[in-house]
Each structure stands twice: as structure tokens, then as C-alpha cells.
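Colleague: Starting off with a structure, shown below.
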Amino acid sequence: MDTGVIYCDDNMRRLGLLPRDSVDLIYLDPPFFSNRQYEVIWGDEAEVRSFEDRWDGGVHHYVEWMKERVMEMHRVLKPTGSFYLHCDWHAAHYLKAMLDDVFGEPHFQNEVIWYYRGGGVSKSRFGRRHDNIFFYTKGSEWAFNVDSIRTEYSAESLERLKYTARSFRGDKVY
């Protein structure tokens, strides 16, 4: 299988071609069980890509569909490999329980909460303005280099920041 290539088809087909214990890192950004239809216009507006995030059988059907894929990803992940699953409030708690089942609870390392702005303020509940990224490892040893994932804030973001909870390293703000 070629590396450095993005495949646009069912990941189950591609995963089946990979040998066991061969992948260092998996980042999964699947449909979120949002019960919506999505359309994206690409390039010169001549190409419209769409997908439907609706699941007959409800959340349990969705989680089983995800589990089948996550089990294959676990198979191809190296013993020192890391796995990240990006999701949101629609099914995060169901997916976390499924991941504990596949990877084992001791292999849950962390959860990243990705907060974002936008939308109005609800009068009936707290805003749904974050995604979850679950971090699991296959084994008890793995590579983790936080410096490789830090990026500097853009000028626009720095302008928007009204608080001082920033990470500093040397003369750069992250």
C-alpha cells in the first residue's frame, strides 16, 4: 500500500489490506451521529460532495458500525501505536464505552476537549460548543511528543484572546 496517499472509500476495505501491527498513529474523524445531511462545495464550485449522517437503528447501530472499524484499526496498530477518535456530544459517551471495550480501560490515556466559538446562546441548556478527542494506546509504551503538535496562534486569534491562559515557550505564544 502506498503511503502519503488519501483514499476516499470505505476504510474497512483499506484496513483489510494492512498487516497486523503496522501503523504508528490513527486519527479517526468519523460521522458524528448528527442525524444531518452534509454538502460541501469543492474547488471551482463544480464539485459537490455530500454524505448523510443518519443511521437506521439509532445510536446502537452507529456504535456497532464504528466498533467493527475500530477493531480493525486496533488490529493494524503497532503495540507502541496511538489512536485518536474525534467526536462530539451526539455519541461521545457511547463511543468512549466502546473504545474502553476494544482497547481496554487502562489504555485510555487522555481526552482533549476542543472548544470553539459560534452560534447563539441557548436559553434551555449549556452551549454545545466543543468536540471530544479520545486518546488511547494499544500497549503500555508509546511515543508522545507534545511539541510536535503545538502551533502558534494566528494574529487574529491573539487579537480575540481576552484572557491570559496562554502557553509560553521562549518568546513565542502557543
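The values are calculated or read from the model by the stated rules, or taken from the named source; none is laboratory data. Just so you know, these numbers come straight off a predicted model, no measurement behind them. Cβ placement follows ideal geometry from the backbone for every residue including glycine, while neighbour counts extend to all protein chains displayed. To get the accessible areas, we keep the full protein, side chains included, count just its heavy atoms, and leave off ligands, DNA and RNA. Shrake-Rupley method; radii C 1.70, N 1.55, O 1.52, S 1.80 Å.
Colleague: Amide H of Gly81: which non-local residues (sequence gap of 5 or more, or other chain) have their own amide H closer than 5 Å, using H built in the peptide plane?
Modeller: Lys138, Gly139
Colleague: Once label points are set 7 Å from the Cα along Cα→Cβ at both Arg160 and Arg128, what is their separation, rounded to one decimal in nm?
Modeller: 2.1 nm
Colleague: Add +1 for every Lys or Arg and -1 for every Asp or Glu among the other residues with Cβ under 11 Å from the Cβ of Pro19, and state the total.
Modeller: For residues surrounding Pro19, the net value is +2.
Colleague: Pull out the extension gain between Asp147 and Leu18, defined as 0.36 nm times the separation in residues minus the alpha carbon to alpha carbon distance; nm, one decimal.
Modeller: Gain on extension, Asp147 to Leu18, equals 43.5 nm.
Colleague: Using a cut-off of under 13 Å, list every residue of segment 8-24 whose amide N is near the label point 7 Å from the Cα of Val40 along the Cα-to-beta-carbon line.
Modeller: The answer is 8-9.
Colleague: For Cys87, what charge total do you get from the other residues with a beta carbon under 10 Å from its beta carbon, if Lys and Arg give +1 and Asp and Glu give -1? Before the final figure, lay out each step's value.
Modeller: On the way: positive: Lys96; negative: Asp29, Asp88, Asp131.
That works out to -2.
Colleague: What whole number of Å gives the distance from the Cα centroid of segment 50-83 to the Cα centroid of segment 15-30?
Modeller: That distance is 12 Å.
Colleague: Shifting gears a bit: Determine the share of segment 63-116's accessible area contributed by carbon and sulfur atoms, expressed in whole percent, with a 1.4 angstrom probe.
Modeller: Numbers: 1490 of 2650 Å².
Carbon plus sulfur share of accessible area: 56 percent.
Colleague: Lys78: which aspartates and glutamates have alpha carbons under 12 Å from its alpha carbon, excluding same-chain residues fewer than 8 sequence positions away?
Modeller: The reachable aspartates and glutamates, counting only those whose Cα sits under 12 Å from Lys78, are Asp21, Asp24, Glu141.
Colleague: Right, something else. Quickly work out the Tyr84-to-Phe108 label distance, labels modelled 7 Å from Cα along the C-beta direction, and quote it in nm with one decimal.
Modeller: Computed distance between label sites Phe108 and Tyr84 equals 1.9 nm.
Colleague: Let me check something: with ligands and nucleic acids excluded, how do Cys87, Cys8 order by accessible area (1.4 Å probe), largest to smallest? Can you show the working numbers first?
Modeller: Working: Cys87 0, Cys8 115 Å².
Reading off the accessible areas and sorting them downward yields Cys8, Cys87.
Colleague: Can you list residues whose amide H is under 5 Å from Asp53's amide H, if they're 5+ apart or on another chain and H is modeled 1.01 Å from N?
Modeller: Here Arg36, Gln37, Tyr38 satisfy the definition.
Colleague: Counting only C-alpha contacts under 8 Å and six or more residues apart, can you give the relative contact order of segment 64-154 as a whole percent?
Modeller: Computed value for segment 64-154: 42 percent relative contact order.
Colleague: Can you pull the one-decimal nm distance between simple spin-label points at Glu72 and Asp53, each 7 Å off the Cα toward Cβ?
Modeller: Taking the two extended label points, one gets 2.1 nm.
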